[in-house]
Amino acid sequence: MFHYPTEVELLQTMSRIAREELIHFDQVCRIMQTRNIRYGHLSASRYACGLRHLTRSYEPGRLIDRLIISAFIEARSCERFACLVPHLDNELSWFYRYLLKSEARHYQDYLALAKSIAVRQLGKQCNLSQRIELLRQQETELIQAIDSDFRFHSGLPTAA
Ligand SMILES: [Fe+2]
């Protein structure tokens with residue numbers, strides 16, 4: 001059972017992030033439309049599926065893990081936007097820089113929420129940094145593994 005302030009903090013932060021992500025989705029759709037790029041459905045990537053399997057199956061560990069993993073995904077997005085920005089036209093370069101700043105805020109929001117929930121649910125003695133480090137190691141393995149599908153969060157491409 002959540003403590004009331006934690007639940008409010010979680011709902012408000014997640015609601016704000018969801019609104020921002022939907023604005024980005026709308027902006028991406030408009031850019032795709034102006035560039036005649038067709039929208040196509042993508043299944044979850046190997047990276048995303050691998051991360052999903054790392055979450056614990058019980059609360060509050062499950063929620064804390066999902067927040068930490070979300071922080072890693074946002075941080076990887078920042079890393080990849082930063083790599084792409086110098087190679088893009090003016091419109092996309094500006095847009096990706098704008099997304100990068102937003103993802104950097106989300107990354108910090110998710111980590112702050114994970115810490116807040118861990119302290120409230122498990123007490124000040126809970127060792128969140130140990131869990132973050134374990135997930136960090138597994139996330140690094142996933143992002144560095146070879147990928148046959150090219151995605152934004154793909155690992156190393158297979159040799160052509
Ligand atoms: Fe985000």
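Here are some notes:
- Centroid-to-centroid separation of the stretch 111-155 and the stretch 18-92 [C-alpha atoms, Å]: 15
- Based on DSSP H segments of at least four residues, each scored -39500 (n - 2.57), the chain has a per-residue ellipticity at 222 nm of -24500 deg cm²/dmol.
- Highest-first packing order for the peptide set 94-105, 26-37, 121-132 is 94-105, 121-132, 26-37, based on the mean count of other beta carbon atoms within 10 Å.
- Taking other C-beta atoms within 10 angstrom as a stand-in for reagent exposure, HIS106, HIS153, HIS24 fall in the order HIS24, HIS153, HIS106, fewest first.
- Sequence of ASP65, ASP147 once ranked by neighbouring C-beta atoms within 10 Å, starting from the fewest: ASP147, ASP65
- Computed from point charges on the beta carbon alone (+1 for Lys and Arg, -1 for Asp and Glu), the dipole magnitude for the chain about its Cα centre is near 160 Debye.
- Residue order, fewest to most surrounding Cβ atoms within 10 angstrom, among THR6, THR140: THR140, THR6
- For the stretch 4-157: relative contact order, % (alpha-carbon pairs under 8 angstrom, 6 or more apart): 26
Every read-out reported here was derived from the displayed coordinates using simple, explicitly stated rules and does not represent laboratory data. Because the structure is predicted, anything quoted here is derived from the model rather than measured. When we count neighbours, we look across all protein chains shown, and the Cβ atoms used for this are built from the backbone with ideal geometry, even at glycine.
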